[in-house]
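The values are calculated or read from the model by the stated rules, or taken from the named source; none is laboratory data. Remember, predicted model here, so these are calculated numbers, not experimental data. A quick note on method: Cβ atoms are made from the backbone with ideal geometry, for glycine too, and the neighbour counts reach across all protein chains shown.
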Amino acid sequence: MNFTLEQIAHLIGGKLEGSKDTKVNTISSIEDAEEGSITFLANPKYEPLVYTTRASAVIVDEKLILNKKIDTALIRAVDPYAAFTSLLEAYDQLLSFNKAGIDEPSFIHKTATYGTDIYVGAFAYIGSNVKIGDQVKIYPNAYIGDDVIIGNRTIIHPGVKIYAKSIIGSHCTLQAGVIIGSDGFGYAPLEDGSYKKIPQLGNVVLEDHVDVGANTVIDCATFDTTLIKKGVKLDNLIQIGHNTTIGENTVIAAQTGIAGSVKIGENCRIGGQVGIAGHLKIADKTQIQAQSGVSKNTKVSQTIYGTPAIDFNNYLRSYTIYKKLPNVMKQIEKLEEKLLNL
Amino acid sequence: MNFTLEQIAHLIGGKLEGSKDTKVNTISSIEDAEEGSITFLANPKYEPLVYTTRASAVIVDEKLILNKKIDTALIRAVDPYAAFTSLLEAYDQLLSFNKAGIDEPSFIHKTATYGTDIYVGAFAYIGSNVKIGDQVKIYPNAYIGDDVIIGNRTIIHPGVKIYAKSIIGSHCTLQAGVIIGSDGFGYAPLEDGSYKKIPQLGNVVLEDHVDVGANTVIDCATFDTTLIKKGVKLDNLIQIGHNTTIGENTVIAAQTGIAGSVKIGENCRIGGQVGIAGHLKIADKTQIQAQSGVSKNTKVSQTIYGTPAIDFNNYLRSYTIYKKLPNVMKQIEKLEEKLLNL
Amino acid sequence: MNFTLEQIAHLIGGKLEGSKDTKVNTISSIEDAEEGSITFLANPKYEPLVYTTRASAVIVDEKLILNKKIDTALIRAVDPYAAFTSLLEAYDQLLSFNKAGIDEPSFIHKTATYGTDIYVGAFAYIGSNVKIGDQVKIYPNAYIGDDVIIGNRTIIHPGVKIYAKSIIGSHCTLQAGVIIGSDGFGYAPLEDGSYKKIPQLGNVVLEDHVDVGANTVIDCATFDTTLIKKGVKLDNLIQIGHNTTIGENTVIAAQTGIAGSVKIGENCRIGGQVGIAGHLKIADKTQIQAQSGVSKNTKVSQTIYGTPAIDFNNYLRSYTIYKKLPNVMKQIEKLEEKLLNL
């Protein structure tokens, strides 16, 4: 990024106060900004920072009245936060779409097909019968197994591994190290105490606008499909078991583990390090607090907490007493003493 | 997969009712089946589904009596579930063994040796003095460090990283992203508050029939060996610390973490997101409930739960009361009041 | 490793009793040692093992008086543990620095620069404008994005992925599968229940002497920097959220998750599977017990435990009573009965 303030004021529809030729090359928070960066001031309570920041320019409210001399340029906007966000997005687009073409060496099977304007990084592997849409980016060292389908404008970061037969929608983003379609954890116990693997022959489907965080793993179904519906957002290092379904626009924080054959509804919000046992039904709009261990079905819009998870407020009320259990014991002992002395 | 029903009936030793030339190309559950798929009906309680399924064929009990007209072909078998499983296995074999030969470019050090019928995918790296058995499959972007030994019929999925000197048995499966032999977490504190790394010079040994799930990490020993014994099954995103030993046929669910120098016995069943502290001894046939935090040795066949983990039934009985602690407090207050009023 | 006992005695400054030409090729613990290995005896209580070990040589205290005949050579040293550690380090140096040169095929962008004595493994990718210091080792299948800077003597193990603009200090070690700079988990909810991604445009900075464990993920900042300060040691499968700062010489065990915008102080010790909520301040020298869920700021040198985490001793005292809650209930019922019968 290397833009003049005039260009940026034009982009975000703001009014510039300062030199139009000043250049900025990075985006910062107002506290940490250095010369050459642009930042924003949305909350009036942080106004003092505008007089001390080292940023070269600050996006501010169009109505801001200055009380002191300032050293930085200003760009005045109706909604400074929205203006800043549109700047972030423009910059992001620019970065995302600066990769194009097919690096050498890469491996693209002769039966694979792809659309226009794709990027394939060095050492990426694309198997037989793979179908790739337009403007897809596949970064270096990614692996796309046989018969995989990938929709338009999806981004596959470095080192992602997609097993054969997976289907990835459009506008998805898979961060580095994601594994899609690994074998589900299914074993039949034998009489001698050993286990026999149950073949895992299904696949994984990600619908459109699904984001998957770094090193997250989604297992394939035993047969049929492990299904991640439209708009689901998964953070890093999550485990999704075989044959599980996650409903539209559900978001899940890092390191949560979901066992096999779970049905999760729409618009749920699931915290980090949660565990959900196999075959449960999690209703729409369920909220699960971080580190909870879920062992029962939930009701629509329920908030739960604890291991095993119970109603959130119930858990907190009990925990308040848990913290003073030694005192509770003293109360009981005092009662016993009093009764004895009656 | 693309077989006629005649071929399948022959394979599973069943009796076909329907057109012998009908072809099926996938395996499904009876609810989700579409035309072109084969499924099974094992539990008589689901009999109604056989009249409504869209599957092209259903494997059923040889004694099934139909009460309505059906649209699907039937294959009658003595044990429909066993017949279906043998079909899954045949299909799995077919899929697993459709990869062969050595892709270009790959890197095989001139001192590495290998057996017959191996597969090495593109961008796989095989270091010096590596010894690979017969019918081993090494998928693209896998890394096999110097002096590693891999037994017969083992499958190394894409992007697996095996550090130098590791030994992998026969009939093992390592899912994508597995790390074998990374440095153990060993540091000596220095007087200035900083830490000095203790060199990690041992290795990891996986005996035969060990399966390791996607993105699971097994650290090498400080010296000697981190040992995973015959028939152990590990799920995804598990952490195994340095110098730990896991006994035969123990199974561990996803995201469990085992610290260093732990000795785990045979035939244990360990749930997901469990933590086990360093230097403990987990006895044979121990069962550990999901999310437990284990801080003490266990007894043979004990079942434990909680953080810190205690006897399973003890934990549940206490939790039953925990959930109603606010009411318990009211009981105590009522007692205090009554005593005062005496 | 293949040294004579004379060479080793010389290296560690010890006095050899045994054949100077005996060769050893590995390092073991005294219990597990086989012929050809060297081990040590530091704790006098294990003296009996020196008479039964199968090691070819044992490093012992210079004052050790033997009570029986031994079959192994001895190397007497002032401090046998320190002597053994210096042997480990010498061996480790030897192993680490036996890789050199640039394997083919690898991908080094023409604008990338690097110092002397570096190693670049096969299928490693080095993007545009990358700057690599002296004696850096980049193992096979690693990915170094555009504009990344890597300091001297840093080791990048196989399959590490470093996103564009990250800065890695000197003397760092990144184990296999580490992800540096993946997008932070930031979404703005829209009125229709779906989420819009907030562009993640910052970077990650690792200062000098930082170690990162296998498959650990550090997200980039939304803007500004996710900062891991000098001497921090991170174990495997850890999640570090966007805009978080970790202070000098803090150590964190495996599978811990730290949300976004957390400020962690210096010299903290954080156990495994801990969760820390967003925007918290963790004071210097805080100790957090394994599996705790931290939802409040901490005080200097505080030790905490539980979910939500409270003072360590408080948690344990409450847990002691938790375990006998069924008996506590009986006490209360007895009190009620007595009162009724008064």
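From the list A:261, A:301, which one is more than 10 Å from chain B (Cβ to nearest Cβ) and either touching a His at 6+ places or on another chain (Cβ under 7 Å) or at pLDDT below 95 (or both)?
Working: A:301 fails: either touching a His at 6+ places or on another chain (Cβ under 7 Å) or at pLDDT below 95 (or both).
Just one listed residue meets the conditions, A:261.
Among the listed residues C:213, C:271, which satisfies the condition of being in contact with a strand residue (DSSP E or B) (Cβ under 7 Å, 6 or more places away or on another chain), more than 23 Å from residue C:158 (Cα to Cα) and modelled with pLDDT of 95 or more?
Working: C:213 fails: more than 23 Å from residue C:158 (Cα to Cα).
Every option except C:271 fails the conditions.
Tell me, yes or no, whether segment C:187-204 has at least one residue that is within 23 Å of residue B:217 (Cα to Cα) and of a type outside the set (D, E, K, R).
Here is the first cut: in segment C:187-204, the residues within 23 Å of residue B:217 (Cα to Cα) are none.
No, every residue in segment C:187-204 fails to be within 23 Å of residue B:217 (Cα to Cα) and of a type outside the set (D, E, K, R).
Would you check which residues across segment C:304-337 are crowded, with 17+ Cβ neighbours inside 10 Å, over 15 Å from residue A:326 (Cα atoms) and more than 10 Å from chain A (Cβ to nearest Cβ) and list them?
Residues satisfying the conditions are C:304, C:305, C:309.
Rundown of residues vs (1) in contact with a Gly (Cβ under 7 Å, 6 or more places away or on another chain); (2) among the β-branched types (Val, Ile, Thr), yes/no style:
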position: C:220; (1), (2): yes, no
position: C:225; (1), (2): yes, yes
position: C:229; (1), (2): yes, no
position: C:232; (1), (2): no, yes
position: C:239; (1), (2): yes, no
position: C:245; (1), (2): no, yes
position: C:248; (1), (2): yes, no
position: C:252; (1), (2): no, yes
position: C:257; (1), (2): yes, no
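Just the residues that are over 21 Å from the mean Cα position of the chain (by Cα), part of a loop (DSSP other than H, G, I, E, B) and either crowded, with 24+ Cβ neighbours inside 10 Å or not basic (Lys, Arg) (or both), please, taken from segment A:284-298.
Listed by number, the residues that qualify are A:295, A:297, A:298.
Could you grab me the full set of residues in segment A:125-138 that are surrounded by 23 or more Cβ atoms within 10 Å (Cβ to Cβ) and touching a residue at least 24 places away in the same chain (Cβ under 8 Å)?
Scanning segment A:125-138 gives a single hit, A:127.
Out of everything in segment B:235-258 that is assigned to a strand (DSSP E or B) and more than 7 Å from every other protein chain (Cβ to nearest Cβ), what residue ends up being surrounded by the fewest Cβ atoms within 10 Å (Cβ to Cβ)? Explain how you work it out, then say what you get.
Keep residues of segment B:235-258 that are assigned to a strand (DSSP E or B), which gives B:239-240, B:245-246, B:251-252, B:257-258.
With more than 7 Å from every other protein chain (Cβ to nearest Cβ) added as a condition, the list becomes B:240, B:245-246, B:252, B:258.
Details: B:240: 30, B:245: 18, B:246: 28, B:252: 26, B:258: 28.
Ranking the candidates gives B:245 first.
Output the residues belonging to segment C:325-342 that are in contact with a helix residue (DSSP H, G or I) (Cβ under 6 Å, 6 or more places away or on another chain) and of a type in the set (Lys, Arg).
C:338
Among the numbered criteria (1) more than 20 Å from residue B:184 (Cα to Cα); (2) touching a residue at least 24 places away in the same chain (Cβ under 8 Å), which single criterion is violated by residue B:270?
Condition not satisfied by residue B:270: (2).
Within segment B:207-228, which residues are out of contact with any Leu (no Cβ under 9 Å at 6 or more places or on another chain) and touching a residue at least 24 places away in the same chain (Cβ under 8 Å)? Before you say what the answer is, go through the steps one by one.
Just the residues of segment B:207-228 that are out of contact with any Leu (no Cβ under 9 Å at 6 or more places or on another chain), to begin with: B:208-209, B:219, B:224-226.
Answer for segment B:207-228, where residues must be out of contact with any Leu (no Cβ under 9 Å at 6 or more places or on another chain) and touching a residue at least 24 places away in the same chain (Cβ under 8 Å): B:208, B:209, B:219, B:226.
Residues being surrounded by 19 or more Cβ atoms within 10 Å (Cβ to Cβ) and under 19 Å from the mean Cα position of the chain (by Cα): count how many of those fall in segment A:268-283.
8
Of all strands (runs of 3 or more DSSP E) completely enclosed by segment C:133-222, which ones contain at least 2 residues that are among the charged types (D, E, K, R), more than 17 Å from residue C:240 (Cβ to Cβ) and within 12 Å of chain A (Cβ to nearest Cβ)? Full working, then the answer.
Working: elements: C:179-182, C:187-189, C:195-197, C:203-206, C:217-219.
Result: C:195-197.
With respect to residue B:227, determine if the residue is in the same structural domain as residue B:208 (by TED's automatic domain parsing), buried (at least 17 other Cβ atoms within 10 Å of the Cβ), assigned to a strand (DSSP E or B) and at pLDDT 95 or above.
Working: in the same structural domain as residue B:208 (by TED's automatic domain parsing): yes; buried (at least 17 other Cβ atoms within 10 Å of the Cβ): yes; assigned to a strand (DSSP E or B): yes; at pLDDT 95 or above: yes.
Taking the combined requirement at face value, the residue satisfies it.
Determine, yes or no, whether residue B:201 is free of Cβ contacts under 8 Å to residues at least 12 places away in the same chain and closer than 21 Å to residue C:81 by Cβ. Steps first, answer last, please.
Details: free of Cβ contacts under 8 Å to residues at least 12 places away in the same chain: no; closer than 21 Å to residue C:81 by Cβ: yes.
So residue B:201 does not fit the description; no.
If I filter segment B:110-119 for residues that are among the β-branched types (Val, Ile, Thr), buried (at least 20 other Cβ atoms within 10 Å of the Cβ), in a strand (DSSP E or B) and in the same structural domain as residue B:216 (by TED's automatic domain parsing), do I get at least one hit?
Checked against the condition, which is being among the β-branched types (Val, Ile, Thr), buried (at least 20 other Cβ atoms within 10 Å of the Cβ), in a strand (DSSP E or B) and in the same structural domain as residue B:216 (by TED's automatic domain parsing), segment B:110-119 yields no hits at all.
Counting only residues that are in contact (Cβ under 8 Å) with a residue 24 or more places away in the chain and over 14 Å from the mean Cα position of the chain (by Cα), which one in segment C:249-265 is nearest to residue A:275 (Cα to Cα)? Break it down stepwise before answering.
If we filter segment C:249-265 for residues that are in contact (Cβ under 8 Å) with a residue 24 or more places away in the chain, which is where we start, we get C:253-254, C:260, C:265.
Those still in the list that are over 14 Å from the mean Cα position of the chain (by Cα) too: C:260, C:265.
Values: C:260: 21, C:265: 29 Å.
Per the stated criteria, the residue is C:260.
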